[in-house]
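*Asks:* The structure's right below; bear with me while I get my questions together.
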Amino acid sequence: METPFNIKYNNEIIASCIVVQENDNIYEINDVFVKEQYRGKGYGQELIKKVIKYYQENNNCMLKICTEITNIPAVKLYNKFFGNPYRSDSRYYYYSIYL
C-alpha cells in the first residue's frame, strides 16, 4: 500500500513523497522531491513533518528513509528529523525513527 503526501503552493504541488508499507509496523518514505525553484525554503522540512505527524497520530510504527551520501541537503534534512543514520554503505545512508 502506498500513501502519497504533497505540499501545495498556489494550487501547485511543489513537494511530494510516497510512503510504502513494508509490513504491519514498518513504513518507508520514498521518492522525496521538491521542485528546484522551491528548494532551500523549508518545504522539505514541512513535508517530512507532515509524514511524521500523520504516522504519530495513526500508528505505533517505524519510519525508514535513505539517501545517497552525496545528497548533502537530504542528509542534513534527515539528520535533523531521524538523527544519525543507523547504517551506511559506500553509496547510501539509512535512517529510521520509531513513533
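The values are calculated or read from the model by the stated rules, or taken from the named source; none is laboratory data. Remember, predicted model here, so these are calculated numbers, not experimental data. Here the Cβ positions follow ideal geometry from the backbone for every residue, glycine too, while neighbour counts run over all protein chains shown.
*Asks:* Quick one: which residue in I69, I65, I48, I52 is at pLDDT 95 or above, surrounded by fewer than 18 Cβ atoms within 10 Å (Cβ to Cβ), within 24 Å of Y9 (Cβ to Cβ) and β-branched (V, I, T)?
*Replies:* I52
*Asks:* Pick out the one residue from K41, K8 that is over 12 Å from the mean Cα position of the chain (by Cα), part of a loop (DSSP other than H, G, I, E, B) and modelled with pLDDT of 95 or more.
*Replies:* None of the others qualify; the one that does is K41.
*Asks:* Which ones in the stretch 33-50 are farther than 27 Å from D89 by Cα and in contact (Cβ under 8 Å) with a residue 40 or more places away in the chain?
*Replies:* Listed by number, the list holds a single entry, K50.
*Asks:* If V75 satisfies all but one of (1) touching a residue at least 24 places away in the same chain (Cβ under 8 Å); (2) assigned to a helix (DSSP H, G or I), what's the number of the condition it fails?
*Replies:* Just one mismatch for V75, condition (1).
*Asks:* With the structure loaded, tell me whether K53 is in a helix (DSSP H, G or I), free of Cβ contacts under 8 Å to residues at least 12 places away in the same chain and closer than 19 Å to E2 by Cβ or whether it fails that test.
*Replies:* Criteria met by K53.
*Asks:* Let me ask something else about it. List the residue pairs whose Cβ atoms are under 9 Å apart, where the first residue sits in the stretch 85-97 and is within 13 Å of I65 (Cβ to Cβ) and at pLDDT 95 or above, the second is of a type outside the set (D, E, K, R) and loosely packed, with under 10 Cβ neighbours inside 10 Å, and the two are 6 or more positions apart or on different chains.
*Replies:* Sorted first by the residue in the stretch 85-97, then by its partner, the pairs are Y93/N84; Y95/N84.
*Asks:* Residue under question is I29, and the condition is that it be part of a helix (DSSP H, G or I) and under 13 Å from the mean Cα position of the chain (by Cα); does it hold?
*Replies:* no
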